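Remarks on the structure that follows.
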Amino acid sequence: MQIDGALIAYLEDLSRLSLSDAEKTRLAGDLTAIVGYMAKLDELDTAGVPERSHPFDHTNAFRADVVGDSFDRALILRNAPDAGDEAFRVPKTVE
Amino acid sequence: MELYDLSALALAAAIRDRQVGVAEAAGAFLDRIEKTDPAISAFITVDRADAMARAAAAQAAIDAGEATSPLAGVPVGVKDNISVRGLPTSCASKILEGYVPVFDATVTDRLTQAGLVVVGKLNMDEFAMGGSTETGVHGPTRNPWDTARVPGGSSGGSAAAVAAREIPLALGSDTGGSIRQPCAFCGATGLKPTYGAVSRYGLVAYASSLDQIGPIARSVDDCAALLAAISGPDARDSTCVVDAPFAFDQTPDEGLDGMTVGLPRNYFEGGIDGDVKKAVLAAAKQLEALGARVEEFVMPMMEYTVPAYYIIACAEASSNLSRFDGVKYGYRSPKAATLSELYLDTRSEGFGLEVKRRMMLGNFVLSSGYYDAYYKKALQARALIKDAYNALFKKYDLILSPVAPTTAYHLGENLDDPLKMYMGDIYTVPVNLAGLPAVAMPCGFDGQGLPVGFQLVGDTFAEPLLIRAGRAYQRVTAHHLKQPGREAE
């Protein structure tokens, strides 16, 4: 299938990316080739085959519910691009 | 003989016997890195003061009888997608610029407990997405056998550093071959453990149902010892298996008598390089000479594994990489005025082209209208691949195969053709889809003097068998002892 400009725009939105025109052209071509190759799977008869999302059939493992130490807030905030008042600072989101 | 010529286990023995101090060993490797790494660029971060402090702590733990691991005191390098408290973890991406983890990954914790000394962080493809270690923001790593060529990837820094004897041991991660393929390209030995054998806590996620951390070294013996140090259950990773045999270094030396090794005939047809084919088939003959019965078979599903892998890996990546938003750590675009611009601009400026390509692809296969035809179909193909392996391991103890269809290619050679790059993963990705363990090691050289590797694949938690077979092979061969620049075949 052809990955066209409209589909690229939709995928940019889903990926929270804003591509340059050069990237758009490049990825439209690349994705068309890659998705075309992936269509190879169409040949496979998968009627009645379960979907395997994980290598093993484990059910979830829960650890004991015990209180432990948390990370130090000041230390964590040192990694933030912008912080203040013991919080991450971002542009205003509500008027 | 220099310290860096010793195997990791031999160096640890010298440290135990007090012939060598931990600081002396760390210093020797730091000097070696300083001398040889400018030509290779395997390391992203080397912090001498931090490494020497770790060495002093390890020496104290050894002296106090607290660090008794067979590798205590040995320096180790860590791939840059694994958290080491206090050292930058960039995943070779601009989006993690300036990020310094406040915690150790479980494997890092275990290295420290075992008395190993982390000396630095190793280069990789951005977010482990690639097979050539060319896509990272810090530039490419070069193959120590020929610096005009790639080291493979994505753990290319780890494999190149080990091959160049800049470090005796390294950790890599393997999502679709990222430990095994660079080991094949650089002439190193690497083991991709069974999914769930090693905790992923503190590994920056690429594709969570496929990622595993594993050891890279110059021999199977050293890999087994490092695997024993890092594996085992972890309450911080719910996918860690609790009831497996983790004493991998205790594997008895029983040779190959009675072992049946399957050889997938169709892996040696089509696009495989002639010299690679010859060297890998010679390894099969060698195993036969060591007592194994080698039987040819036709590997089912071969042409479907790469499409299934890329659909699943990209789908998981598109979800995992949504956490990078410019808010909590790393890079933030300076030009964003609103929150939605902050996300868009940070991600658009922070991620490289291959990462964007895979996120777009992942969102495509998961999106409404395409989900059934691509993602669901790939999960069903994964079930069929797992079933095929289950049937094969009823007949064979191990499967022997090439790691990659070619030896190391030139820098830039495949960068413009992502599909060609993806096809190079044909021998490695099915192993990850099925969650199986595999060990890759050198088995010769091509006509240009570049290393060729082969891999042995085992059933779930068959690491002891892999180690037994790999060790027997390395006892009677010398390919793994060759050193770039020092000797030819």
> Karplus couplings for the stretch A:70-79 from phi (6.51 cos²θ - 1.76 cosθ + 1.60, θ = phi - 60°), rounded to Hz, Gly and Pro as x?
Replying inline: 9, 5, 6, 4, 4, 5, 5, 5, 4, 7
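Given the -39500 (n - 2.57) contribution per DSSP H run of 4+ residues, what per-residue ellipticity at 222 nm results for chain A, rounded to the nearest 500 deg cm²/dmol?
Details: 3 runs with 34 residues, N = 95.
Rounded to the nearest 500, it is -11000 deg cm²/dmol.
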> So, in nm, how far is label residue B:420 from label residue B:483 when the simple model puts each one 7 Å beyond its Cα toward the Cβ?
Replying inline: 3.5 nm
> For chain B, what is the percent of antiparallel DSSP beta bridges, rounded to the nearest 5?
Replying inline: 65 percent
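Tell me what chain B gives for mean residue ellipticity at 222 nm when only DSSP H runs of n ≥ 4 count, each as -39,500 (n - 2.57), the sum divided by the residue total, rounded to 500 deg cm²/dmol.
Result for chain B, helices only: -11500 deg cm²/dmol.
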>> List the residues, sorted by chain then number, that are 5 or more residues from residue B:117 or on another chain and whose placed amide H is less than 5 Å from its amide H.
In response: B:73, B:74, B:76
> What FRET efficiency do you get for residue B:413 and residue B:257 if R0 is 60 Å and r is their Cβ-Cβ distance, rounded to the nearest 0.05?
Replying inline: 0.90
> So if R0 is 56 Å, what FRET efficiency would residue B:395 and residue B:48 give, r being the distance between their Cβ atoms, rounded to the nearest 0.05?
Replying inline: 0.60
> Which residues in the stretch B:315-357 have a backbone N closer than 19 Å to a point placed 7 Å from the Cα of residue A:25 along the Cα-to-Cβ line?
Replying inline: B:353-354, B:357
>> Going by amide H atoms built from the backbone, whose H comes under 5 Å of the H on residue B:454, apart from near neighbours?
In response: B:441, B:443
> Which log10 I(q)/I(0) values, to two decimals, does the protein assembly as shown give at q = 0.07, 0.10 Å⁻¹ under the Debye formula with one point per Cα?
Replying inline: -0.39, -0.81
> Along the charge dipole of chain A, Cβ charges K/R +1 and D/E -1, which of A:22, A:79, A:67 sits furthest on the positive end?
Replying inline: A:79
>> Calculate the FRET efficiency for residue B:242 and residue B:13 from the Cβ-Cβ distance with a Förster distance of 25 Å, rounded to the nearest 0.05.
In response: 0.20
>> Suppose each label sits 7 Å from its Cα in the direction of the beta carbon; what would the residue A:74-residue A:43 distance come out to in nanometres?
In response: 6.4 nm
> If the chain between residue B:296 and residue B:269 were fully stretched, how many nm would it gain, using 0.36 nm times the residue separation less the Cα-Cα distance?
Replying inline: 8.4 nm
>> Per residue of the stretch B:30-47, what does 6.51 cos²θ - 1.76 cosθ + 1.60 with θ = phi - 60° give for ³J(HN,Hα)? Whole Hz please, x for Gly and Pro, Karplus curve as stated.
In response: 4, 5, 4, 4, 4, 7, 9, 6, x, 7, 10, 6, 6, 9, 9, 10, 10, 10
> Under a 5 Å amide H to amide H cut-off, with H placed in plane at 1.01 Å, what residues pair with residue B:294 once short-range neighbours are removed?
Replying inline: B:261
>> Only bridges whose two residues both fall in the stretch B:1-149 count here: according to DSSP, what percent of them are antiparallel, nearest 5?
In response: 45 percent
> For chain B, which span is the longest to avoid every loop-located (per DSSP) member of trypsin sites (Lys or Arg not before Pro) having at most 10 other Cβ atoms inside 10 Å?
Replying inline: B:19-334
> Looking only at trypsin sites (Lys or Arg not before Pro) in DSSP loops with at most 16 other Cβ atoms within 10 Å, what is the longest site-free stretch of chain A?
Replying inline: A:1-62
> Along the stretch A:7-12, what does the Karplus equation 6.51 cos²θ - 1.76 cosθ + 1.60 (θ = phi - 60°) give for ³J(HN,Hα), rounded to whole Hz, x for Gly and Pro?
Replying inline: 5, 4, 4, 5, 5, 4
> Mean separation of Cα pairs under 8 Å and 6+ residues apart, divided by the residue count of chain B: what relative contact order is that in percent?
Replying inline: 17 percent
>> Expected output is a single nm value to one decimal: the length gained when fully extending between residue B:1 and residue B:24, i.e. 0.36 nm times separation in residues minus the C-alpha distance. What is it?
In response: 6.8 nm
> If you keep only loop residues by DSSP, which chymotrypsin sites (Phe, Trp or Tyr not before Pro) in the stretch A:5-95 have at most 11 other Cβ atoms within 10 Å of their Cβ?
Replying inline: A:62, A:71
> What percent antiparallel are the DSSP beta bridges of the protein assembly as shown, to the nearest 5?
Replying inline: 65 percent
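Every read-out reported here was derived from the displayed coordinates using simple, explicitly stated rules and does not represent laboratory data. Just so it is clear, the model here is predicted, and its values are computed rather than measured. When we count neighbours, we look across all protein chains shown, and the Cβ atoms used for this are built from the backbone with ideal geometry, even at glycine.
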